[in-house]
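Asker: My questions all concern the structure below.
The values are calculated or read from the model by the stated rules, or taken from the named source; none is laboratory data. Being a predicted model, the structure only gives us computed values, none of them experimental. As a convention, Cβ positions derive from the backbone with ideal geometry for all residues, glycine included, and neighbour counts pool all protein chains shown. Note: accessible area is taken over every heavy atom of the protein model, side chains too, but ligands, DNA and RNA are not part of it. Shrake-Rupley method; radii C 1.70, N 1.55, O 1.52, S 1.80 Å.
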Amino acid sequence: NKALNSYNQMNINIDRPEKLILMLYEGALRFANFAKKAIRENNVEHKVEYIIKVSNIFIELINSLDFEKGGDIAHYLSGLYTHQLKLLTMANSENDEKYLDDVIRVLKVLIEAWKEETGVS
């Protein structure tokens, strides 16, 4: 019940779908930075937890793509998001933050491009 109330409250606060995408990008960026910190601190439990959170966001982004309306851009984003999932898997299995650096760089570009394209902030 508490989770449902929290979800409903979040729905009220999101007046545009564009804002939700921005929130997903920003959340993924935050969790990727947390995962990077966990690798530095040799905290395997937190590393895995945060990499899973970032992965789940990318999976949700892939699932939300509209290939009919989005055309080439949707296909490009699908490939980009899928590549990020591969990098996250490598960061986890090799315990190497260099893969997270690549994910973080891509997320920063996506955030800026999305803000510019949609006007949300």
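Asker: Can you tell me which residues in the stretch 50-65 are more than 23 Å from Val120 (Cα to Cα) and open to solvent by less than 70 Å² (accessible area, probe 1.4 Å)?
Answerer: Tyr50, Ile51, Ser55 - these are the residues of the stretch 50-65 that are more than 23 Å from Val120 (Cα to Cα) and open to solvent by less than 70 Å² (accessible area, probe 1.4 Å).
Asker: Any chance you could count how many residues in the stretch 1-35 are acidic (Asp, Glu) and modelled with pLDDT under 95?
Answerer: Going through the stretch 1-35 one residue at a time, the tally reaches 2.
Asker: Please identify the pairs in which a residue from the stretch 101-120 that is over 25 Å from Arg40 (Cα atoms) has its Cβ atom under 9 Å from the Cβ atom of a residue that is of a type in the set (S, T, N, Q), counting only partners at least 6 apart or on another chain.
Answerer: Lys115/Ser121
Asker: If we only count helices (runs of 4 or more DSSP H) wholly inside the stretch 39-121, which ones have 1 or more residues that are out of contact with any helix residue (DSSP H, G or I) (no Cβ under 7 Å at 6 or more places or on another chain) and aromatic (Phe, Trp, Tyr)? Before the answer, list the steps.
Answerer: On the way: elements: 44-64, 67-94, 97-118.
Qualifying helices (runs of 4 or more DSSP H): 67-94.
Asker: Can you tell me which residue within the stretch 66-82, out of those that are among the hydrophobic types (A, V, I, L, M, F, W, C) and surrounded by 15 or more Cβ atoms within 10 Å (Cβ to Cβ), is nearest to Tyr99 (Cα to Cα)? Write out each step before concluding.
Answerer: So the first thing to find is which residues in the stretch 66-82 are among the hydrophobic types (A, V, I, L, M, F, W, C), and the list is 67, 73-74, 77, 80.
With surrounded by 15 or more Cβ atoms within 10 Å (Cβ to Cβ) added as a condition, the list becomes 74, 77, 80.
Details: Ala74: 24, Leu77: 19, Leu80: 14 Å.
Top of the filtered list is Leu80.
Asker: Under the condition of being open to solvent by 70 Å² or more (accessible area, probe 1.4 Å) and charged (D, E, K, R), which residue from the stretch 36-48 is nearest to Asn92 (Cα to Cα)?
Answerer: Out of the qualifying residues, it is Glu45.
Asker: Right, another one. Starting from the stretch 40-68, keep only residues that are over 11 Å from Leu85 (Cα atoms), then list their pairs with residues that are loosely packed, with under 13 Cβ neighbours inside 10 Å whose Cβ atoms are within a distance under 8 Å, requiring at least 6 positions of separation or different chains.
Answerer: Partner pairs satisfying both residue conditions: Phe67/His75.
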